[in-house]
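One structure is given below, encoded as structure tokens.
The values are calculated or read from the model by the stated rules, or taken from the named source; none is laboratory data. All values reported here derive from a predicted model rather than from experimental measurement. With ideal geometry, Cβ positions are generated from the backbone for all residues, glycine too; neighbour counts draw on all protein chains shown. These area figures cover heavy atoms from the full protein model, side chains too; ligands, DNA and RNA do not enter into them. Shrake-Rupley method; radii C 1.70, N 1.55, O 1.52, S 1.80 Å.
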Amino acid sequence: MRGVFDWLDSRTGFRAARHHLLDEPIPSGVGWWFITGSILLFLLGVQVVTGIVLTMYYVPSPESAYDSVRFIMDGLPFGALLRGFHFFGASFIVVAALLHLVRVVMFGSYKKPRELTWMTGVLLLLVILAFALSGYLLPWDQKAYWATTVTINIARGTPVLGEHVANLMRGGADLGALTLVRWYSAHVFLLPAALIVLVLSHLYLMRRHGISGPIEPVAGPAKPFFPYHVLKDTIGMAVVFAVLLTFVFSIRVPLDAIADPSDASYIPRPEWYFLSLFQLLKYFPGPLEPVATMVIPGVVVGGLLMLPFLDSSPHRHPFRRPVVMLCFGVLGLAVTTLTTLGLRDTPPEAASQWTPMAIAGQALAADERCQACHRPGGAANPVSELRLRRDPEWIAGHLADPEVIAPGLRPAPPGGLQPAQAAAVVQYLTLARAGAQPPEVSVEERMAATAFARHCVNCHQIDGEGGAFGPDLSHIGQTRDAAWLRAWIADPSEVDVLANMPGFSDAMSDTELGVLSDYLAARK
Ligand code: HEC
Ligand code: HEC
């Protein structure tokens with residue numbers, strides 16, 4: 001074995017390289033603060049690996065992009081986790097990059113002779129943000145489409161060059177196939193190339209000047225990078241990876257409805273790390289917009305790049321650099337405040353719009369009868385992809401008598417959806433199209449809402465929806481308990497011989513009866 005290594009070493013010189021890479025002396029007193037860079041590097045690695053696998057399934061065209069992402073989420077084994085890593089990894093990188101920046105500023109590590117190390121670092125931060133921005137469009141869902149429309153509009157506001165920049169980003173007159181290809185190409189070729197060059201320069205410069213080390217030199221011998229500092233780095237990476245895993249396994253990355261260029265009512269929301277800029281925009285309306293989009297960010301980035309020259313004193317202790325500390329304090333406070341305000345301005349997830357009828361609408365539309373045609377490869381688009389382009393009358397007629405493509409030609413057969421039920425389906429489709437994620441409701445609640453929509457909604461109202469033949473049931477729990485309701489729904493004539501309402505003991509299973517009675521009894 002030794003012979004093989006000796007031979008390899010004589011041909012490649014790997015022992016010297018290993019010695020050079022791993023045995024670098026680290027000054028005494030370099031502590032946990034100095035692991036932020038390695039964590040960042042590790043997260044970038046996760047992003048590269050998951051990104052490469054994603055490109056094997058992703059198709060950058062408006063016809064297929066959305067479906068390919070949906071396939072990754074639902075069809076590919078571990079695909080949802082794969083996308084989860086890539087999605088949350090991006091946020092983690094932004095956090096890690098900011099922590100790294102704060103560390104370098106606190107320790108005054110940007111000072112002579114590390115000016116260029118710092119500048120490549122600032123450029124890296126911009127590349128990371130560009131990655132996030134370009135990746136946002138790729139799923140080609142509503143959020144992607146409209147957020148990118150906003151981004152391009154902002155670019156168009158650039159004085160003088162605006163139109164050209166916007167054209168370059170769009171690749172044509174509209175946001176379409178060319179835009180997607182351009183952003184994809186930037187995301188997988190251009191930016192990675194920039195990333196590699198900058199990371200290598202950054203690391204090379206870091207090694208050339210050595211680690212800046214503690215603010216005040218600590219007495220003691222320097223120790224080799226391996227294994228002393230590597231151990232700290234590894235522990236840090238493991239902890240961060242564990243947190244990332246928790247996110248990936250517990251939160252499913254959302255995918256909105258497919259991009260619909262005709263639906264300008266969609267309100268796009270930026271990712272949290274762009275929220276402060278987005279919020280800033282609100283305070284500079286109309287012609288002042290470039291102040292928020294160009295001037296302020298330009299001053300901040302310019303100031304960051306020039307920091308080592310603006311603060312050229314040799315002092316590293318924060319107390320000896322009050323102006324720098326004050327500037328960063330104000331900047332941090334401003335970004336935090338704007339982000340908080342932005343979060344608060346975000347309307348709560350559309351959960352409240354998910355009335356029982358909308359929830360029931362989802363179940364009604366998932367019915368076998370509808371799936372006969374509305375399925376992948378079927379005669380019509382899958383229900384989840386219906387865009388509600390037809391007029392409401394056509395839809396109501398179609399839902400009442402789905403077998404007839406020109407509805408209204410014959411009397412609606414029994415079994416078609418009644419007007420109130422059709423309204424529930426439309427309500428569901430409208431919400432789904434607007435990109436509202438269905439709320440997490442319990443199996444019971446869904447079953448109850450569905451049973452109500454199947455059997456009761458034509459005669460009874462809940463929360464203002466439904467027919468008016470029977471009494472409003474919105475607050476029926478105030479007067480009736482579950483046992484009474486169950487007996488009544490099963491067979492009203494058993495309870496009251498004069499009852500007009502039909503019984504449902506045959507139409508509904510025991511479970512459905514129980515769940516529906518409990519649900520109504522709970523409506524106080
Ligand atoms: C016999 C086949 C068939 C059945 C069964 C059927 N549909 Fe359709 N549906 C179509 C066709 C064809 C269209 C028009 C093409 C399209 O928009 O995809 C359509 C259109 C629609 C639309 C309007 C889409 C738009 O863009 O406006 C809705 C909503 C809809 N169907 C819902 C349903 C629901 C809910 C059911 C079950 C109760 C159902 N359909 C059952 C064939 C069917
Ligand atoms: C064909 C119309 C019709 C349908 C369908 C219908 N109901 Fe009724 N319901 C009535 C009418 C009318 C009354 C008023 C009492 C009566 O005349 O029987 C009533 C009364 C009730 C009451 C009693 C209210 C009270 O406090 O006295 C409850 C509860 C009720 N319905 C629940 C349901 C449920 C649950 C369903 C679905 C499984 C349903 N109904 C389906 C027509 C209907």
Legend entry - Of residues in segment 484-511 being within 9 Å of ligand 2 (Cβ to nearest atom) and in contact (Cβ under 8 Å) with a residue 40 or more places away in the chain, the one farthest from residue 444 (Cα to Cα): 501
Inset, instruction - Tell me which of these residue 110 doesn't satisfy, since it passes every other one: (1) in a helix (DSSP H, G or I); (2) in contact with a helix residue (DSSP H, G or I) (Cβ under 6 Å, 6 or more places away or on another chain). - result: (1)
Inset, instruction - Give the residue that is nearest to residue 427 (Cα to Cα), with candidates limited to residues of segment 465-524 that are in contact with a helix residue (DSSP H, G or I) (Cβ under 8 Å, 6 or more places away or on another chain) and among the aromatic types (Phe, Trp, Tyr). - result: 519
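To keep it simple, each residue is scored yes or no on (1) crowded, with 18+ Cβ neighbours inside 10 Å; (2) on the phi < 0 side of the Ramachandran plot; (3) among the aromatic types (Phe, Trp, Tyr).
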site	(1), (2), (3)
196	no, yes, no
210	no, no, no
214	no, yes, no
252	no, yes, no
283	no, yes, yes
Inset, instruction - Scan segment 335-358 residue by residue and report those that are modelled with pLDDT of 80 or more, among the aliphatic types (A, V, I, L, M) and away from ligand 2 (no atom under 16 Å from the Cβ). - result: 335, 338, 341, 343, 358
Legend entry - Complete set of residues in segment 375-390 that are open to solvent by 50 Å² or more (accessible area, probe 1.4 Å), of a type in the set (D, E, K, R) and near ligand 1 (Cβ under 8 Å from one of its atoms): 389, 390
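For residue 361, indicate whether it is more than 30 Å from residue 165 (Cβ to Cβ) and exposed (fewer than 14 other Cβ atoms within 10 Å of the Cβ).
Details: more than 30 Å from residue 165 (Cβ to Cβ): yes; exposed (fewer than 14 other Cβ atoms within 10 Å of the Cβ): no.
For residue 361, the condition - more than 30 Å from residue 165 (Cβ to Cβ) and exposed (fewer than 14 other Cβ atoms within 10 Å of the Cβ) - is not met.
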Legend entry - Complete set of residues in segment 42-66 that are touching a residue at least 60 places away in the same chain (Cβ under 8 Å), in a helix (DSSP H, G or I) and surrounded by fewer than 17 Cβ atoms within 10 Å (Cβ to Cβ): 48, 55
